[in-house]
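Down below is the structure, laid out as structure tokens.
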Amino acid sequence: MALSKEQVVAALAKVPAPDGTPLPQTGTLSDVVVTDGKVFFSLTVDAAAVKAWEPVRKRAEDAVRAIAGVQSALVALTAERAGGAARPAPAPAAGRAPRAHAQSGGGGATQPGIPGVDSIIAVASGKGGVGKSTTAVNLALGLRDLGLKVGMLDADIYGPSLPKLLAIREKPQTIGGTRLKPIERYGMNVMSIGFLIEEETPMIWRGPMVMSALTQMLREVEWGTLDVMVVDMPPGTGDAQLTMAQQVPLKGAVIVSTPQDLALIDARRGVAMFKRVNVPVLGVIENMSYFMCPHCGTRSDIFAHGGARHEAERLGVPFLGEVPLHMTIREKSDAGLPVVATDPDGEHARIYRDIAAKVRDTLKGGTGRAAPKIVVEA
Ligand SMILES: Nc1ncnc2c1ncn2[C@@H]1O[C@H](COP(=O)(O)OP(=O)(O)O)[C@@H](O)[C@H]1O
Ligand SMILES: [Mg+2]
């Protein structure tokens, strides 16, 4: 018999909250997601009560793991932020979807930082397929080449790409049963939502699941000491992206766009989204900016090259650089051998490193606006 949500909730009824109430009656439970013997859900609690809830989270996980047919259970504790002086409203009952509250002044800056991680930057795009992940990987490697200690977090729920782009086939190991050890690649610590969510997971589950998984990837991974964490965000500018932008203590965002008009409209929405949640836009990168023929070296501006630069100017955000559409970038990227790591002396690596240098300088405070300081937990 297939494992059901009801079985999980029944098992949770035997787990008491800190005040003794059975867990399903506390209103802290998110939707319970059950797929292929894997169970995910989160508990949203008052930030002040997190300590008291941690053992409950643990017991909930153990109770779920004890159900016959459960292969793995992942329970994330999510702290509800108090809005102003008021206590947060009690969380609505199970089944709610995480909603963004853009008006609350959200912004990554108000989220607690990740201990040991100096800056977290998002690589985002208005739509999929523009080369966001390829750019994120090579940008991260470029930052690494500048001497920074870099981590990468693949938060793209719709198409986690880091396992492929970095040829990672192993699963992260757990430390002491609860914390995860990131995978190390090319000197970077890497975590992917692809390690936690199976590829066949239906899209509809991904929204609620991703919040649990994201919290886990941020808070329960031994990231170590990092100068920069590069986050490959889900494409688009909808609710999921907005919520995520608020969930992660971002220092800034880099928008990747191709030069076509349609992509630029989406990129503009991306810039607007980050501005709405008070995350500074570090700049725009034009990917597939012009075509470089691998045979004859001739350059063709097949997609009205320069569109992203103009758009960045129009929006008043920095323009970070142009990456050509080149067969080598595609082949290397898709083979898990990113150009910056495997052809460091090549022309493409130089382009990415130049972009990385601009990002680094901007992070140092060159935006002209006060970059929010990430508060690092003791
Ligand atoms: N500058 C580029 N030149 C050639 N191919 C590219 C370039 N950037 C990305 N690609 C290719 O385009 C496809 C989509 O890129 P990907 O990084 O997966 O995009 P996204 O993360 O936006 O969906 C991949 O096959 C990738 O190798
Ligand atoms: Mg991708």
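Overview of values
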| item | result |
| --- | --- |
| Residues of the range 10-47 satisfying the condition of being in a helix (DSSP H, G or I), surrounded by 17 or more Cβ atoms within 10 Å (Cβ to Cβ) and aliphatic (A, V, I, L, M) | ALA11, LEU12, LEU23 |
| Residue in the range 274-292 that is out of contact with any helix residue (DSSP H, G or I) (no Cβ under 7 Å at 6 or more places or on another chain), of a type outside the set (Phe, Trp, Tyr) and modelled with pLDDT under 85 present | yes |
| Leading residue by the ranking (surrounded by the fewest Cβ atoms within 10 Å (Cβ to Cβ)) among those in the range 63-86 that are within 13 Å of VAL15 (Cβ to Cβ) and modelled with pLDDT of 90 or more | ALA66 |
| Single condition ILE114 does not satisfy, out of (1) within 15 Å of ligand 1 (Cβ to nearest atom); (2) modelled with pLDDT under 90; (3) under 17 Å from THR225 (Cα atoms) | (1) |
| Residue that is nearest to ligand 2 (Cβ to nearest atom), among those in the range 327-350 that are in contact with a His (Cβ under 9 Å, 6 or more places away or on another chain) and open to solvent by less than 30 Å² (accessible area, probe 1.4 Å) | ILE329 |
| Answer from ALA263, ALA304, ALA267 - the residue that is of a type in the set (Gly, Ala, Ser) and either open to solvent by 10 Å² or more (accessible area, probe 1.4 Å) or in contact with a Leu (Cβ under 8 Å, 6 or more places away or on another chain) (or both) | ALA304 |
| Count of residues meeting criterion [open to solvent by 30 Å² or more (accessible area, probe 1.4 Å) and touching a residue at least 40 places away in the same chain (Cβ under 8 Å)] in the range 48-62 | 2 |
| Lone unmet requirement of (1) assigned to a loop (DSSP other than H, G, I, E, B); (2) open to solvent by less than 10 Å² (accessible area, probe 1.4 Å); (3) modelled with pLDDT of 95 or more for GLY106 | (3) |
| The range 143-166 residues that are among the hydroxyl-bearing types (Ser, Thr, Tyr), paired with ones that are open to solvent by less than 40 Å² (accessible area, probe 1.4 Å) (beta carbon under 6 Å, 6 or more apart) | TYR158/PRO234; SER161/SER133 |
| Meets criteria (within 27 Å of ASP227 (Cα to Cα) and within 16 Å of ligand 2 (Cβ to nearest atom)) for VAL254 | yes |
| Contacts under 7 angstrom Cβ, first residue in the range 243-254 being over 18 Å from PRO115 (Cα atoms), partner among the aromatic types (Phe, Trp, Tyr) and open to solvent by 10 Å² or more (accessible area, probe 1.4 Å), 6 or more apart | none |
| Test: residue in the range 367-374 that is away from ligand 2 (no atom under 16 Å from the Cβ), among the charged types (D, E, K, R) and modelled with pLDDT of 95 or more | no |
| Criterion violated by ILE157 - all others in (1) touching a helix residue (DSSP H, G or I) at 6+ places or on another chain (Cβ under 6 Å); (2) open to solvent by 20 Å² or more (accessible area, probe 1.4 Å) satisfied | (2) |
| Any helices (runs of 4 or more DSSP H) falling wholly within the range 303-367 and containing at least 1 residues that are within 16 Å of ligand 1 (Cβ to nearest atom) and under 21 Å from PRO163 (Cα atoms) | 327-334, 339-342, 347-361 |
| From LEU282, LEU250, residue being open to solvent by less than 10 Å² (accessible area, probe 1.4 Å), away from ligand 1 (no atom under 14 Å from the Cβ), over 22 Å from GLY159 (Cβ atoms) and not in a helix (DSSP H, G or I) | LEU282 |
| Failed item in (1) within 13 Å of ligand 2 (Cβ to nearest atom); (2) of a type in the set (Gly, Ala, Ser); (3) surrounded by fewer than 17 Cβ atoms within 10 Å (Cβ to Cβ); (4) modelled with pLDDT of 95 or more, with GLY147 passing the rest | (1) |
| Selection count where residues are open to solvent by 60 Å² or more (accessible area, probe 1.4 Å) and in contact (Cβ under 8 Å) with a residue 12 or more places away in the chain, scope the range 270-279 | 2 |
| In the range 345-356, the residues that are more than 16 Å from VAL123 (Cβ to Cβ) and of a type in the set (Gly, Ala, Ser) | GLY346, ALA349 |
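A quick yes/no check of all residues on (1) farther than 25 Å from GLY142 by Cβ; (2) modelled with pLDDT of 95 or more; (3) open to solvent by 30 Å² or more (accessible area, probe 1.4 Å); (4) more than 16 Å from ligand 2 (Cβ to nearest atom):
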{"residue": "LEU165", "(1), (2), (3), (4)": "no, yes, no, no"}
{"residue": "LYS171", "(1), (2), (3), (4)": "yes, no, yes, yes"}
{"residue": "THR174", "(1), (2), (3), (4)": "yes, no, yes, yes"}
{"residue": "ILE193", "(1), (2), (3), (4)": "no, no, no, no"}
{"residue": "GLU198", "(1), (2), (3), (4)": "yes, no, yes, yes"}
{"residue": "ASP239", "(1), (2), (3), (4)": "yes, no, yes, yes"}
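The values are calculated or read from the model by the stated rules, or taken from the named source; none is laboratory data. Quick caveat: nothing in here was measured; it's all calculated off a predicted structure. Every residue, glycine among them, receives a Cβ derived from its backbone with ideal geometry; neighbour counts consider all protein chains shown. Only protein heavy atoms, including side chains, enter the accessible area calculation; ligands, DNA and RNA are left aside. Shrake-Rupley method; radii C 1.70, N 1.55, O 1.52, S 1.80 Å.
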